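The values are calculated or read from the model by the stated rules, or taken from the named source; none is laboratory data. Keep in mind the model is a prediction, meaning the values are calculated, not measured. All Cβ positions, even for glycine, are placed from backbone atoms using ideal geometry, and neighbour counts span all protein chains on display.
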Ligand SMILES: Nc1ncnc2c1ncn2[C@@H]1O[C@H](COP(=O)(O)OP(=O)(O)OP(=O)(O)O)[C@@H](O)[C@H]1O
Ligand SMILES: [Mg+2]
């Protein structure tokens with residue numbers, strides 16, 4: 001079985017001559033829980049852009065859910081993102097003054113579902129991240145950890161098979177971060193493929209698989225799935 | 001292509017487009033109000049200008065309806081040598097003999113002036129002319145006496161005078177029974193007339209009977225204006241025979257006119273005399289449109305991350321473009337609606353203060369809506385294109 005994501009000899013050069021990726025090969029299998037680590041500026045975010053079809057490689061092939069990204073039009077890429085991909089960013093990007101429910105429901109706007117179905121699915125997603133009792137709260141009435149869980153709910157409300165997170169706990173203290181990670185772990189348990197960029201070695205060690213980047217190249221990708229992440233999280237003594 | 005890959009983006013319903021556009025506005029109410037204000041002022045100006053001139057026109061047309069268009073006047077023209085012609089003294093009797101003519105009356109200019117007393121020099125006329133009037137004049141003009149009485153067969157031969165509304169005002173007279181100095185003797189004011197919109201010259205006249213004018217003021221008996229009313233349908237045929245009837249020998253020395261034509265022309269002018277103000281409104285509208293465009297450009301700059309987020313959620317370029325076009329359209333529609341309401345209120349207030357019927361033509365409202373949509377689109381196109389061109393990765397950047 002081929003992976004949900006396949007990068008073959010992917011390079012990316014930014015204007016100004018920065019070689020952010022210099023020939024990356026990576027396969028993410030369905031059901032993976034993957035940590036992407038590496039020093040600042042090593043190309044982690046750039047690689048996540050490639051995986052998430054937010055940007056196109058200079059050379060090489062990116063295949064997501066079986067589609068060669070280079071062959072897709074903007075409309076097709078958009079459809080791919082709305083159906084197959086969920087994103088969580090370091091910043092929460094929640095609309096201020098809009099309830100948690102509507103923030104999450106807005107994330108389903110481009111899936112072609114009607115408003116009532118969107119709100120129902122949004123409520124279910126918030127339930128899943130443990131915020132079923134906070135549906136009507138505005139972002140300003142939520143803690144940072146809760147806001148990031150709303151953002152996670154928005155990313156997964158449409159049940160995408162692949163969830164991508166770029167330093168999702170970067171703006172959170174360790175206990176709020178642990179809450180968010182527990183949610184990601186739970187999503188992984190229920191079958192979602194998860195890839196997380198992190199600077200936190202502890203978080204990285206929770207994942208099945210680590211991909212280490214340095215200067216735009218993968219230097220180390222090893223598996224250590226002897227223990228499940230949920231067990232690890234529980235063992236971490238939250 | 002999408003059939004091959006099976007990847008078709010979800011469609012945004014019209015309700016969703018509106019909601020997304022409105023959400024962008026709701027987040028910044030103060031800015032929205034300020035930039036919609038420009039459009040509102042422009043639309044309000046144009047609606048008010050059109051509304052007020054339409055109301056004034058409507059008022060004139062109603063007045064015309066009330067006064068009727070079946071009144072014709074006959075005046076002497078010029079002789080073939082260029083001298084002032086005269087109407088024969090028999091003219092009135094001849095006109096009354098035309099079959100469709102219902103009523104007719106005559107006035108004749110008298111060489112005299114009217115003054116409050118004999119100490120005021122004769123050269124100061126106050127713009128009031130002294131005229132002999134036949135007793136049928138009031139009926140023919142459908143005028144009314146506001147004080148005293150109109151001339152009858154008896155008073156027409158006596159030193160009695162009836163003043164037009166304007167004449168009484170200029171003489172400072174508000175009651176009857178007083179004496180005025182006319183043609184070297186005292187006349188008693190026996191009546192004051194109301195307004196005569198179809199014969200403003202009568203408003204500025206002091207009127208005495210034909211016999212009195214001939215006997216006391218040296219009037220030669222030749223009428224200078226004949227007023228005539230017929231049925232509406234017969235106006236044109238009467239008009240055709242009037243010159244020959246009045247002056248069979250020299251019909252070309254007779255001028256026939258229709259006083260309501262002047263009112264009609266005035267009504268037409270009232271509807272058209274507003275280009276300058278309309279231009280001002282258009283300029284305000286243009287400035288308002290620039291304001292909306294400016295607001296939209298800033299909005300796109302500020303919301304790059306929101307745009308990136310939406311792209312990462314699966315919004316196509318077209319859907320982002322649509323969102324900002326909808327926002328721009330809503331913004332200027334808001335201004336347009338507010339402006340139309342303001343303009344209509346201003347029209348109503350002005351018209352009611354003058355006792356005019358307030359009229360805002362539907363085409364003006366339709367034009368306002370069209371202008372608003374046009375401006376909203378024009379102002380939104382460039383910002384929307386910019387928004388659509390943004391890279392989806394901007395949402396990820398932490399700066
Ligand atoms: N839009 C851009 N234009 C030009 N250079 C860029 C751009 N984005 C990233 N870079 C450069 O590409 C390189 C890789 O950047 P990237 O953001 O992928 O690193 P990263 O591993 O995510 O770093 P961090 O851990 O600090 O987020 C860096 O040298 C960065 O300066
Ligand atoms: Mg990064």
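Provide a single number: the residues in segment A:84-128 that are in contact with a helix residue (DSSP H, G or I) (Cβ under 7 Å, 6 or more places away or on another chain), touching a residue at least 60 places away in the same chain (Cβ under 8 Å) and at the interface with chain B (Cβ under 9 Å from one of its Cβ atoms).
Qualifying residue count, segment A:84-128: 3.
Could you look through segment A:192-214, keep only residues that are away from ligand 1 (no atom under 16 Å from the Cβ) and under 14 Å from the mean Cα position of the chain (by Cα), and pick out the one that is farthest from the other protein chains (Cβ to nearest Cβ)?
Ranking the qualifying residues of segment A:192-214, first place goes to A:207.
Considering only residues that are more than 21 Å from residue A:95 (Cβ to Cβ) and in contact (Cβ under 8 Å) with a residue 60 or more places away in the chain, look in segment A:137-162 and name the one that is surrounded by the fewest Cβ atoms within 10 Å (Cβ to Cβ).
The selected residue is A:161.
Just give me the residues in segment B:26-38 being away from every other protein chain (no Cβ under 12 Å) and either surrounded by 14 or more Cβ atoms within 10 Å (Cβ to Cβ) or modelled with pLDDT under 90 (or both), in sequence order.
Answer for segment B:26-38, where residues must be away from every other protein chain (no Cβ under 12 Å) and either surrounded by 14 or more Cβ atoms within 10 Å (Cβ to Cβ) or modelled with pLDDT under 90 (or both): B:31, B:32, B:33, B:35, B:36, B:37, B:38.
Suppose we keep only residues that are outside any loop (DSSP other than H, G, I, E, B) and surrounded by 17 or more Cβ atoms within 10 Å (Cβ to Cβ) within segment B:6-18. Which one would you say is nearest to the other protein chains (Cβ to nearest Cβ)?
If we take residues in segment B:6-18 being outside any loop (DSSP other than H, G, I, E, B) and surrounded by 17 or more Cβ atoms within 10 Å (Cβ to Cβ), then B:16 is nearest to the other protein chains (Cβ to nearest Cβ).
Of all the residues that make up segment A:23-63, how many are in a loop (DSSP other than H, G, I, E, B), more than 9 Å from ligand 1 (Cβ to nearest atom) and away from chain B (no Cβ under 14 Å)?
Selection size over segment A:23-63: 5.
Looking only at segment B:341-357, decide whether some residue is within 30 Å of residue A:50 (Cβ to Cβ) and buried (at least 24 other Cβ atoms within 10 Å of the Cβ).
Within segment B:341-357, none of the residues are within 30 Å of residue A:50 (Cβ to Cβ) and buried (at least 24 other Cβ atoms within 10 Å of the Cβ).
Going by the structure shown, is residue A:71 touching a residue at least 12 places away in the same chain (Cβ under 8 Å), more than 16 Å from residue B:392 (Cβ to Cβ) and away from ligand 2 (no atom under 13 Å from the Cβ)?
No; evaluated as a whole, the condition is false for this residue.
I'd like the full set of residues that are closer than 12 Å to residue B:9 by Cα and without any contact (Cβ under 8 Å) to a residue 60 or more places away in the chain, limited to segment B:298-314.
Within segment B:298-314, B:313 is the sole residue that qualifies.
Would you confirm whether or not segment B:366-389 contains a residue that is in contact with a strand residue (DSSP E or B) (Cβ under 9 Å, 6 or more places away or on another chain), within 16 Å of ligand 1 (Cβ to nearest atom) and part of a helix (DSSP H, G or I)?
The answer is no; no qualifying residue exists.
Consider segment B:244-266. How many of its residues are surrounded by 14 or more Cβ atoms within 10 Å (Cβ to Cβ) and assigned to a loop (DSSP other than H, G, I, E, B)?
Number of matching residues: 3.
Among the residues in segment A:162-177, are any assigned to a helix (DSSP H, G or I), at pLDDT 90 or above, away from ligand 1 (no atom under 16 Å from the Cβ) and within 22 Å of residue B:313 (Cα to Cα)?
no
Against the condition at pLDDT below 90, in a loop (DSSP other than H, G, I, E, B) and within 14 Å of chain A (Cβ to nearest Cβ), how does residue B:398 come out, does it pass?
yes
Can you pull out every residue in segment A:20-51 that is more than 21 Å from residue A:70 (Cα to Cα) and away from ligand 2 (no atom under 13 Å from the Cβ)?
A:30, A:31, A:32, A:33, A:34, A:35
Do you know which residues across segment A:8-19 are surrounded by fewer than 22 Cβ atoms within 10 Å (Cβ to Cβ) and within 13 Å of ligand 1 (Cβ to nearest atom)?
Those that are surrounded by fewer than 22 Cβ atoms within 10 Å (Cβ to Cβ) and within 13 Å of ligand 1 (Cβ to nearest atom): A:11, A:13, A:14, A:15, A:16, A:17, A:18, A:19.
Tell me yes or no: at least one residue of segment B:303-312 is surrounded by fewer than 16 Cβ atoms within 10 Å (Cβ to Cβ), outside the structural domain of residue B:239 (by TED's automatic domain parsing) and modelled with pLDDT of 90 or more.
No: segment B:303-312 contains no residue that is surrounded by fewer than 16 Cβ atoms within 10 Å (Cβ to Cβ), outside the structural domain of residue B:239 (by TED's automatic domain parsing) and modelled with pLDDT of 90 or more.
Keeping to segment B:78-101, report how many residues are touching a strand residue (DSSP E or B) at 6+ places or on another chain (Cβ under 7 Å) and surrounded by fewer than 16 Cβ atoms within 10 Å (Cβ to Cβ).
The total comes to 3.
Across segment A:163-177, what is the number of residues that are surrounded by fewer than 19 Cβ atoms within 10 Å (Cβ to Cβ) and either within 16 Å of ligand 2 (Cβ to nearest atom) or in contact (Cβ under 8 Å) with a residue 12 or more places away in the chain (or both)?
The total comes to 5.
Please give the number of the condition residue A:181 fails out of (1) away from ligand 1 (no atom under 16 Å from the Cβ); (2) buried (at least 24 other Cβ atoms within 10 Å of the Cβ); (3) within 14 Å of another protein chain (Cβ to nearest Cβ).
Just one mismatch for residue A:181, condition (3).
In segment B:83-101, is there at least one residue being under 33 Å from the mean Cα position of the chain (by Cα), assigned by TED's automatic domain parsing to the domain that holds residue B:183, closer than 19 Å to residue B:257 by Cα and not in a loop (DSSP other than H, G, I, E, B)?
Within segment B:83-101, one or more residues are under 33 Å from the mean Cα position of the chain (by Cα), assigned by TED's automatic domain parsing to the domain that holds residue B:183, closer than 19 Å to residue B:257 by Cα and not in a loop (DSSP other than H, G, I, E, B).
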